[in-house]
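The values are calculated or read from the model by the stated rules, or taken from the named source; none is laboratory data. Note that the structure is predicted; figures quoted are calculated from it, not measured. Glycine also receives a Cβ, built like all others from the backbone with ideal geometry; neighbour counts cover every protein chain displayed.
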Amino acid sequence: MSNDIESRMRAALRPVAPREEFSQTLLARTLIETAARPKPRGFTAARLRPMAWWLTASLAASLVLAVGVHQHLEQQRLQQSGLEARREVLKALRVTSQKLNLAYEAVKSQSTSLDDEKSGV
Amino acid sequence: MSKYTLTLLIALLAPGLSWAATSPKLTIPSFAGLAQKASESVTITLDPAMLGMAARFLDSNDPQDAATKDVLKGLQGIYVRSYTFDRDSAYSQADIDAVRNQLSAPGWNRLVETRSRKSHADVDIYIMVDHDQAVGLAIIASEPRQFTIVNIVGAIDLDKLHKLEGQFGVPKLDIDSSKAAKPGQK
(Lines give C-alpha, C1' and ligand atoms only; values in the text may rest on other atoms or scores of the structure.)
Protein backbone atom coordinates (compact mmCIF):
# COMPACT_ATOMS: atom_id res chain seq x y z
CA MET A 1 0.00 0.00 0.00
CA SER A 2 2.73 2.40 0.87
CA ASN A 3 4.46 1.51 -2.39
CA ASP A 4 1.36 2.43 -4.29
CA ILE A 5 1.13 5.85 -2.58
CA GLU A 6 4.79 6.47 -3.13
CA SER A 7 4.62 5.63 -6.82
CA ARG A 8 1.56 7.81 -7.29
CA MET A 9 3.33 10.70 -5.53
CA ARG A 10 6.41 10.26 -7.68
CA ALA A 11 4.31 10.24 -10.78
CA ALA A 12 2.53 13.45 -9.65
CA LEU A 13 5.72 15.27 -8.69
CA ARG A 14 7.85 14.15 -11.66
CA PRO A 15 9.45 17.05 -13.56
CA VAL A 16 7.65 17.82 -16.73
CA ALA A 17 9.34 19.71 -19.55
CA PRO A 18 7.39 22.76 -20.70
CA ARG A 19 5.81 22.92 -24.04
CA GLU A 20 7.78 24.54 -26.83
CA GLU A 21 5.50 27.50 -27.14
CA PHE A 22 5.61 28.12 -23.33
CA SER A 23 8.80 30.16 -23.40
CA GLN A 24 7.62 32.12 -26.45
CA THR A 25 4.30 32.87 -24.75
CA LEU A 26 6.09 33.94 -21.60
CA LEU A 27 8.47 36.19 -23.53
CA ALA A 28 5.66 37.76 -25.51
CA ARG A 29 3.69 38.44 -22.34
CA THR A 30 6.79 39.98 -20.71
CA LEU A 31 7.28 42.32 -23.66
CA ILE A 32 3.65 43.40 -23.59
CA GLU A 33 3.76 44.11 -19.87
CA THR A 34 6.99 46.07 -20.25
CA ALA A 35 5.51 48.20 -23.03
CA ALA A 36 2.39 48.88 -20.98
CA ARG A 37 4.36 49.92 -17.89
CA PRO A 38 4.96 53.78 -17.70
CA LYS A 39 8.55 54.76 -18.44
CA PRO A 40 10.44 56.26 -15.49
CA ARG A 41 11.05 60.05 -15.74
CA GLY A 42 14.74 60.76 -16.15
CA PHE A 43 16.85 63.84 -16.92
CA THR A 44 17.51 63.25 -20.48
CA ALA A 45 19.04 65.85 -22.73
CA ALA A 46 15.71 66.41 -24.45
CA ARG A 47 14.09 67.29 -21.14
CA LEU A 48 16.95 69.51 -19.97
CA ARG A 49 16.89 71.90 -22.94
CA PRO A 50 13.46 73.53 -22.34
CA MET A 51 14.00 73.45 -18.54
CA ALA A 52 17.28 75.33 -18.83
CA TRP A 53 15.60 77.96 -20.98
CA TRP A 54 12.82 78.53 -18.48
CA LEU A 55 15.27 78.65 -15.59
CA THR A 56 17.41 81.26 -17.32
CA ALA A 57 14.38 83.31 -18.29
CA SER A 58 12.94 83.28 -14.78
CA LEU A 59 16.33 84.22 -13.25
CA ALA A 60 16.68 87.12 -15.67
CA ALA A 61 13.14 88.28 -14.96
CA SER A 62 13.78 88.11 -11.20
CA LEU A 63 16.95 90.14 -11.60
CA VAL A 64 15.22 92.81 -13.66
CA LEU A 65 12.37 92.94 -11.16
CA ALA A 66 14.79 93.26 -8.22
CA VAL A 67 16.71 96.08 -9.91
CA GLY A 68 13.47 97.85 -10.79
CA VAL A 69 12.12 97.60 -7.24
CA HIS A 70 15.43 98.81 -5.80
CA GLN A 71 15.49 101.81 -8.14
CA HIS A 72 11.89 102.64 -7.29
CA LEU A 73 12.58 102.47 -3.56
CA GLU A 74 15.73 104.58 -4.00
CA GLN A 75 13.77 107.20 -5.92
CA GLN A 76 11.10 107.24 -3.22
CA ARG A 77 13.78 107.69 -0.56
CA LEU A 78 15.36 110.55 -2.50
CA GLN A 79 12.00 112.22 -2.94
CA GLN A 80 11.25 111.96 0.77
CA SER A 81 14.68 113.39 1.59
CA GLY A 82 14.16 116.24 -0.86
CA LEU A 83 10.74 117.12 0.53
CA GLU A 84 12.14 116.96 4.06
CA ALA A 85 15.01 119.29 3.04
CA ARG A 86 12.48 121.69 1.52
CA ARG A 87 10.47 121.70 4.75
CA GLU A 88 13.63 122.39 6.75
CA VAL A 89 14.61 125.29 4.48
CA LEU A 90 11.18 126.88 4.80
CA LYS A 91 11.25 126.41 8.58
CA ALA A 92 14.73 127.95 8.79
CA LEU A 93 13.70 130.97 6.76
CA ARG A 94 10.56 131.34 8.85
CA VAL A 95 12.60 131.43 12.07
CA THR A 96 15.07 133.86 10.49
CA SER A 97 12.29 136.17 9.41
CA GLN A 98 10.69 136.08 12.86
CA LYS A 99 13.94 137.24 14.47
CA LEU A 100 14.52 139.86 11.80
CA ASN A 101 11.01 141.06 12.51
CA LEU A 102 11.86 141.32 16.22
CA ALA A 103 14.78 143.57 15.37
CA TYR A 104 12.66 145.54 12.98
CA GLU A 105 9.93 146.11 15.56
CA ALA A 106 12.50 147.24 18.11
CA VAL A 107 14.12 149.65 15.66
CA LYS A 108 10.72 150.91 14.57
CA SER A 109 9.55 151.56 18.11
CA GLN A 110 12.82 153.34 18.89
CA SER A 111 12.38 155.52 15.81
CA THR A 112 8.80 156.32 16.83
CA SER A 113 9.95 157.28 20.34
CA LEU A 114 12.65 159.54 18.91
CA ASP A 115 10.14 161.18 16.56
CA ASP A 116 7.74 161.73 19.46
CA GLU A 117 10.52 163.29 21.51
CA LYS A 118 11.49 165.59 18.66
CA SER A 119 7.92 166.74 18.12
CA GLY A 120 7.62 167.43 21.86
CA VAL A 121 4.94 164.79 22.60
CA MET B 1 66.59 133.92 8.51
CA SER B 2 67.36 136.02 11.57
CA LYS B 3 65.07 136.19 14.56
CA TYR B 4 64.32 139.82 13.83
CA THR B 5 63.27 139.10 10.25
CA LEU B 6 61.09 136.21 11.33
CA THR B 7 59.35 138.33 13.96
CA LEU B 8 58.74 141.07 11.43
CA LEU B 9 57.34 138.60 8.95
CA ILE B 10 54.94 137.15 11.50
CA ALA B 11 53.85 140.62 12.60
CA LEU B 12 53.10 141.58 9.00
CA LEU B 13 51.31 138.36 8.11
CA ALA B 14 49.39 137.83 11.36
CA PRO B 15 46.47 140.18 10.56
CA GLY B 16 46.05 138.58 7.17
CA LEU B 17 46.24 135.13 8.65
CA SER B 18 43.68 135.94 11.31
CA TRP B 19 41.36 137.38 8.65
CA ALA B 20 41.80 134.29 6.51
CA ALA B 21 41.10 132.10 9.53
CA THR B 22 37.71 133.68 10.25
CA SER B 23 35.02 131.55 8.74
CA PRO B 24 31.46 132.74 8.17
CA LYS B 25 30.34 129.38 9.54
CA LEU B 26 30.04 129.57 13.31
CA THR B 27 30.87 126.71 15.63
CA ILE B 28 27.58 126.22 17.41
CA PRO B 29 27.66 124.13 20.61
CA SER B 30 25.40 121.16 20.91
CA PHE B 31 23.38 122.74 23.77
CA ALA B 32 22.50 119.22 24.87
CA GLY B 33 21.77 120.34 28.43
CA LEU B 34 19.51 123.15 27.31
CA ALA B 35 17.72 120.93 24.82
CA GLN B 36 16.71 118.64 27.65
CA LYS B 37 15.28 121.55 29.64
CA ALA B 38 13.54 123.16 26.67
CA SER B 39 9.87 122.60 26.00
CA GLU B 40 10.52 123.09 22.31
CA SER B 41 13.73 122.99 20.35
CA VAL B 42 14.47 123.64 16.71
CA THR B 43 17.69 122.29 15.25
CA ILE B 44 18.25 122.84 11.57
CA THR B 45 21.50 122.05 9.79
CA LEU B 46 21.47 122.54 6.05
CA ASP B 47 24.78 122.02 4.28
CA PRO B 48 25.34 122.66 0.55
CA ALA B 49 24.11 119.18 -0.38
CA MET B 50 20.85 119.59 1.55
CA LEU B 51 20.31 123.07 0.16
CA GLY B 52 20.83 121.76 -3.36
CA MET B 53 18.35 118.97 -2.75
CA ALA B 54 15.80 121.36 -1.28
CA ALA B 55 16.16 123.72 -4.23
CA ARG B 56 15.28 120.87 -6.61
CA PHE B 57 12.01 120.35 -4.77
CA LEU B 58 10.97 124.00 -4.73
CA ASP B 59 8.24 124.78 -7.21
CA SER B 60 9.29 127.61 -9.52
CA ASN B 61 5.63 128.29 -10.30
CA ASP B 62 4.84 129.05 -6.67
CA PRO B 63 5.82 132.63 -5.77
CA GLN B 64 7.03 131.71 -2.28
CA ASP B 65 9.03 128.75 -3.51
CA ALA B 66 10.45 130.77 -6.39
CA ALA B 67 11.58 133.56 -4.05
CA THR B 68 13.07 130.99 -1.70
CA LYS B 69 14.91 129.32 -4.56
CA ASP B 70 16.33 132.67 -5.55
CA VAL B 71 17.59 133.32 -2.02
CA LEU B 72 19.17 129.86 -1.82
CA LYS B 73 21.35 130.51 -4.86
CA GLY B 74 24.89 130.99 -3.68
CA LEU B 75 24.18 129.90 -0.12
CA GLN B 76 26.52 127.34 1.40
CA GLY B 77 24.67 126.62 4.59
CA ILE B 78 21.85 127.55 6.96
CA TYR B 79 22.14 126.67 10.63
CA VAL B 80 19.41 127.35 13.18
CA ARG B 81 19.24 126.56 16.87
CA SER B 82 16.21 127.73 18.81
CA TYR B 83 15.13 126.72 22.29
CA THR B 84 11.91 127.63 24.06
CA PHE B 85 11.44 127.16 27.79
CA ASP B 86 8.46 127.05 30.14
CA ARG B 87 9.86 129.66 32.50
CA ASP B 88 11.87 132.84 32.36
CA SER B 89 15.66 132.83 32.59
CA ALA B 90 15.96 129.10 32.05
CA TYR B 91 19.16 129.73 30.15
CA SER B 92 22.09 131.96 30.92
CA GLN B 93 23.93 134.42 28.74
CA ALA B 94 27.03 132.28 29.22
CA ASP B 95 25.33 129.64 27.09
CA ILE B 96 25.15 132.07 24.20
CA ASP B 97 28.52 133.71 24.83
CA ALA B 98 30.35 130.80 23.23
CA VAL B 99 28.74 131.86 19.97
CA ARG B 100 28.80 135.59 20.59
CA ASN B 101 32.55 135.54 21.19
CA GLN B 102 33.11 134.17 17.70
CA LEU B 103 31.37 137.22 16.30
CA SER B 104 33.98 139.53 17.74
CA ALA B 105 36.57 137.95 15.43
CA PRO B 106 37.88 139.99 12.49
CA GLY B 107 35.56 139.98 9.52
CA TRP B 108 32.30 140.14 11.45
CA ASN B 109 30.51 143.46 11.72
CA ARG B 110 27.53 144.14 13.92
CA LEU B 111 24.82 145.45 11.66
CA VAL B 112 22.01 145.83 14.18
CA GLU B 113 21.87 145.79 17.95
CA THR B 114 18.45 146.13 19.52
CA ARG B 115 17.38 146.04 23.15
CA SER B 116 13.65 146.15 23.58
CA ARG B 117 12.12 146.87 26.98
CA LYS B 118 8.69 146.32 25.52
CA SER B 119 9.25 142.76 24.32
CA HIS B 120 12.29 142.11 26.54
CA ALA B 121 14.04 140.85 23.46
CA ASP B 122 17.63 141.48 22.53
CA VAL B 123 18.51 140.94 18.91
CA ASP B 124 21.97 141.28 17.41
CA ILE B 125 22.54 140.92 13.70
CA TYR B 126 26.06 140.44 12.39
CA ILE B 127 27.31 140.32 8.86
CA MET B 128 30.58 139.25 7.32
CA VAL B 129 31.56 141.07 4.18
CA ASP B 130 34.21 140.02 1.71
CA HIS B 131 34.95 142.20 -1.33
CA ASP B 132 31.75 144.17 -0.81
CA GLN B 133 29.66 141.05 -0.70
CA ALA B 134 27.91 139.60 2.32
CA VAL B 135 29.28 136.09 2.85
CA GLY B 136 27.92 135.42 6.29
CA LEU B 137 24.96 136.41 8.42
CA ALA B 138 24.47 135.71 12.10
CA ILE B 139 21.46 136.52 14.26
CA ILE B 140 21.39 136.09 18.00
CA ALA B 141 18.01 136.70 19.56
CA SER B 142 17.45 136.27 23.26
CA GLU B 143 14.05 136.58 24.89
CA PRO B 144 13.00 135.69 28.44
CA ARG B 145 11.85 132.20 27.46
CA GLN B 146 13.59 131.64 24.18
CA PHE B 147 16.88 132.10 22.49
CA THR B 148 17.69 131.65 18.85
CA ILE B 149 20.89 131.50 16.85
CA VAL B 150 20.80 131.72 13.09
CA ASN B 151 23.88 131.42 10.90
CA ILE B 152 23.65 131.74 7.15
CA VAL B 153 26.77 131.09 5.11
CA GLY B 154 27.33 131.98 1.50
CA ALA B 155 26.68 134.75 -0.94
CA ILE B 156 23.83 136.53 0.79
CA ASP B 157 22.13 138.87 -1.60
CA LEU B 158 20.60 141.58 0.54
CA ASP B 159 18.58 142.69 -2.45
CA LYS B 160 16.92 139.28 -2.69
CA LEU B 161 16.41 139.24 1.04
CA HIS B 162 14.71 142.58 0.66
CA LYS B 163 12.43 141.08 -2.00
CA LEU B 164 11.32 138.41 0.46
CA GLU B 165 9.22 141.03 2.18
CA GLY B 166 5.76 139.71 2.72
CA GLN B 167 6.88 136.11 2.38
CA PHE B 168 7.42 134.22 5.65
CA GLY B 169 6.57 137.48 7.36
CA VAL B 170 9.95 138.99 6.49
CA PRO B 171 9.66 142.64 7.40
CA LYS B 172 10.68 145.62 5.36
CA LEU B 173 14.25 146.16 6.47
CA ASP B 174 14.46 149.44 4.56
CA ILE B 175 17.54 148.16 2.82
CA ASP B 176 18.50 150.50 0.02
CA SER B 177 18.62 148.28 -3.07
CA SER B 178 21.06 150.62 -4.83
CA LYS B 179 23.56 150.24 -2.02
CA ALA B 180 22.94 146.55 -1.42
CA ALA B 181 25.85 144.37 -2.45
CA LYS B 182 25.21 142.44 -5.63
CA PRO B 183 27.11 139.22 -6.29
CA GLY B 184 30.25 139.70 -8.27
CA GLN B 185 30.24 143.42 -7.83
CA LYS B 186 33.27 145.09 -6.24
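For this structure, a couple of remarks:
Here's the yes/no breakdown for (1) away from chain B (no Cβ under 12 Å); (2) part of a helix (DSSP H, G or I); (3) over 30 Å from residue B:148 (Cα atoms); (4) touching a strand residue (DSSP E or B) at 6+ places or on another chain (Cβ under 6 Å):
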site	(1), (2), (3), (4)
A:53	yes, yes, yes, no
A:56	yes, yes, yes, no
A:83	no, yes, no, no
A:103	no, yes, no, yes
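- Among the residues making up region B:117-133, those that are in contact (Cβ under 8 Å) with a residue 40 or more places away in the chain and either in contact with a Pro (Cβ under 9 Å, 6 or more places away or on another chain) or within 11 Å of chain A (Cβ to nearest Cβ) (or both) are B:128, B:133.
Rundown of residues vs (1) modelled with pLDDT of 85 or more; (2) surrounded by 20 or more Cβ atoms within 10 Å (Cβ to Cβ); (3) in contact with a Phe, Trp or Tyr (Cβ under 9 Å, 6 or more places away or on another chain), yes/no style:
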position	(1), (2), (3)
B:99	yes, no, no
B:102	yes, no, yes
B:126	yes, yes, yes
B:137	yes, yes, yes
B:142	yes, no, yes
B:145	yes, no, yes
B:162	no, no, no
B:172	no, no, yes
B:176	no, no, no
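- Residues of region A:58-103 that are in contact with a Ser or Thr (Cβ under 9 Å, 6 or more places away or on another chain) and farther than 30 Å from residue B:116 by Cα: A:86 alone.
- Members of region B:59-77 that are within 11 Å of residue A:90 (Cα to Cα) and free of Cβ contacts under 8 Å to residues at least 12 places away in the same chain: B:65
A quick yes/no check of all residues on (1) more than 17 Å from the chain's Cα centre (by Cα); (2) in a helix (DSSP H, G or I); (3) more than 8 Å from every other protein chain (Cβ to nearest Cβ):
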{"residue": "B:59", "(1), (2), (3)": "yes, no, yes"}
{"residue": "B:67", "(1), (2), (3)": "yes, yes, yes"}
{"residue": "B:81", "(1), (2), (3)": "no, no, yes"}
{"residue": "B:115", "(1), (2), (3)": "yes, no, no"}
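- Residue check for residue A:117: assigned to a helix (DSSP H, G or I), modelled with pLDDT under 85 and loosely packed, with under 10 Cβ neighbours inside 10 Å: yes
- Each residue in region B:14-33 was checked for being modelled with pLDDT of 60 or more and assigned to a helix (DSSP H, G or I), and 3 of them qualify.
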